[in-house]
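The values are calculated or read from the model by the stated rules, or taken from the named source; none is laboratory data. Computed from a predicted model, the values in this text were never measured in an experiment. Here the Cβ is made from the backbone with ideal geometry for all residues, glycine too, and neighbour counts use every protein chain on show. When the accessible area is computed, the model is the full protein with side chains, heavy atoms only, and any ligands, DNA or RNA have been set aside. Shrake-Rupley method; radii C 1.70, N 1.55, O 1.52, S 1.80 Å.
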Amino acid sequence: MITKISRGTVISNGKRCKANVYYENGTITAITNEALPYDEEIDAAGNYVSPGFIDIHTHGAGGHDFLDNTEEAFVESARMHAKHGATVIVPTITSSTKESMQEAIETFRRVQKRKHDGAQMPGLHLEGPYFSVNQKGAQDERFIRPFDESEYREIIGTGCVLRWTGAPELDGAEEFAGYLKEHGVLASIGHSDADCQTVRKAFADGFTHVTHLYSCTSTVHRKNAFRYAGIVEAAYLLDDMTVEIIADGIHLPGDLLEFVYKFKGRNKTALVTDSMRGAGMPEGMSILGGKKDGMPVIIEDGVAKLPDRSAFAGSVALCDRLIRTVTTLASIPLEDAVVMAAGTPASILGLKNKGDILPGCDADIVIFDETITIRKTIIGGKTVYSA
């Protein structure tokens, strides 16, 4: 069946145009004003027609965390994300025991075999446990440990991991990055105290991406009387290094969002939620991580915090809020914000036929209005959410 989306402002290839979008069998076939045959019509009613958003860093949503290790946690989180415009998410597992990580992977495998009406989940992101304790943020120090070659080889062997975040200053980082690169897994720098020179070497070794820039990433610092650049500065100096930012308007103020956009640009910057289970839920007490051994946190002022309010504990943003934040708080053009939320994440992870509205791309489409309120989410040509 051929479906036509009419009367919309299409955001395609980083530009806006007035056109109709046609798709068939889950694939976009045309973006044109020509009158082509169709079987079904969706009236965009003057709203924006955008590629579906791709969140490459999320720990959960809708009251669920992926470390709950239940199929329900994955499926319900994916549904909540779809409701807010994400057509692809990469479930993220925080530092935990090897057994818990393996259990999450096995749960994910079962979910991949299920049909559901939430965002697609092509693979996992492991955020830890090979971190600097000094940059642990809200990660649980009990589970942070040095690189363990036998552990990461076994986990990569499951074929379920798309990206893995670690600290490149730790012993064994070079071997870790090389092994991930060999197996097509993105090595990311995060929760790290590395200096600029260490990052330069790590980039050459295969650490080509920075996890939530400015959050738990080193910057200019002193050793005795001398100043040294850190991860933040290295990210700007290395033109080909990609970064992600938590664009909830709280983790980073508008000035920094604008700064990252100006110097890294839309093609090297991905917007991520870093959302925890509180995304899409009322404010109040919650848990970061799995229900069994997670950390208590409080959700207030639109963000999750440690109970003593000494640090943020993940965001409660969803993808529509990211777009709304960067376009209003940092004055980033809407079409560039969409690239940062769709095309660039797809490119960073090498997701084929994702992240744009072009012939041959998957029919992963969202329709939203001027306030970035999602009106419809279409995944693989199937409408999974309609306001």
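For Asn20, enumerate residues with amide H under 5 Å from its amide H, sequence gap 5+ or separate chain, H modeled in the peptide plane.
HN-HN under 5 Å from Asn20: Thr32, Asn33.
Given the -39500 (n - 2.57) contribution per DSSP H run of 4+ residues, what per-residue ellipticity at 222 nm results for the chain, rounded to the nearest 500 deg cm²/dmol?
-7000 deg cm²/dmol
In whole Å, what is the distance between the alpha-carbon centres of segment 105-177 and segment 215-276?
21 Å
What part of the accessible area of the chain, given as a whole %, is carbon or sulfur when the probe is 1.4 angstrom?
With neighbouring chains kept in place, the figure for the chain is 48 percent.
Could you compute the net charge surrounding Lys305? Neighbours are other residues with a C-beta less than 15 Å from the C-beta of Lys305; K and R count +1, D and E count -1.
-4
Through the Karplus equation 6.51 cos²θ - 1.76 cosθ + 1.60, θ set to phi - 60°, convert the phi angles of segment 311-326 into ³J(HN,Hα) values in whole Hz; use x for Gly and Pro.
7, 6, 10, x, 9, 10, 7, 10, 4, 4, 5, 4, 5, 4, 5, 6
Whole Å is fine, so just give me how far the alpha carbon centre of segment 50-68 lies from that of segment 295-372.
Going from one Cα centre to the other spans 10 Å.
Given a Förster distance of 41 angstrom, what is the FRET efficiency for Lys292 paired with Asn33, based on the Cβ-Cβ distance and rounded to 0.05?
0.15
Please sort 103-110, 334-341, 17-24 by packing, taking for each peptide the average over its residues of neighbouring beta carbons within 10 angstrom, highest first.
Going by the mean number of other Cβ atoms within 10 Å, highest first, we get 334-341, 17-24, 103-110.
In percent, what relative contact order does the chain have, based on Cα pairs under 8 Å that are 6 or more apart in sequence?
21 percent
Just to confirm a number: summing +1 for Lys and Arg and -1 for Asp and Glu over residues other than Lys4 whose beta-carbon lies under 9 angstrom from that of Lys4, what do you get?
It works out to a net charge of -3.
Below 16 Å, Cα to Cα, which lysines can Lys292 reach? Residues fewer than 8 away in the same chain don't count.
Lys98
May I ask for the net charge around Gly380, where only other residues with Cβ less than 10 Å from the Cβ of Gly380 are counted and Lys, Arg are +1 while Asp, Glu are -1?
Value of the local net charge: -1.
For labels at Glu175 and Arg110 in the simple 7 Å Cα→Cβ model, what's the distance in nm?
For Glu175 paired with Arg110, the spin-label model returns 3.4 nm.
Among all the aspartates and glutamates, which ones have a C-alpha under 16 Å from Lys83's C-alpha, if same-chain residues fewer than 8 places away are not counted?
Leaving aside aspartates and glutamates fewer than 8 places away in the same chain, those within reach of Lys83 are Asp55, Asp117, Asp320, Asp364, Asp369.
Students often forget the sequence filter, so: which lysines lie under 22 Å Cα-Cα from Lys352 once same-chain residues fewer than 8 apart are removed?
List returned: Lys15, Lys113, Lys115, Lys181, Lys268, Lys382.
I want to check the label-to-label distance for Ser6 and Thr371. Put each point 7 Å from Cα in the C-beta direction and report it in nm to one decimal.
Roughly 2.8 nm, to one decimal.
Run the numbers for Lys223 and Ala387: contour at 0.36 nm per residue of separation, minus the present Cα-Cα distance, in nm.
Fully extending the segment from Lys223 to Ala387 adds 53.5 nm.
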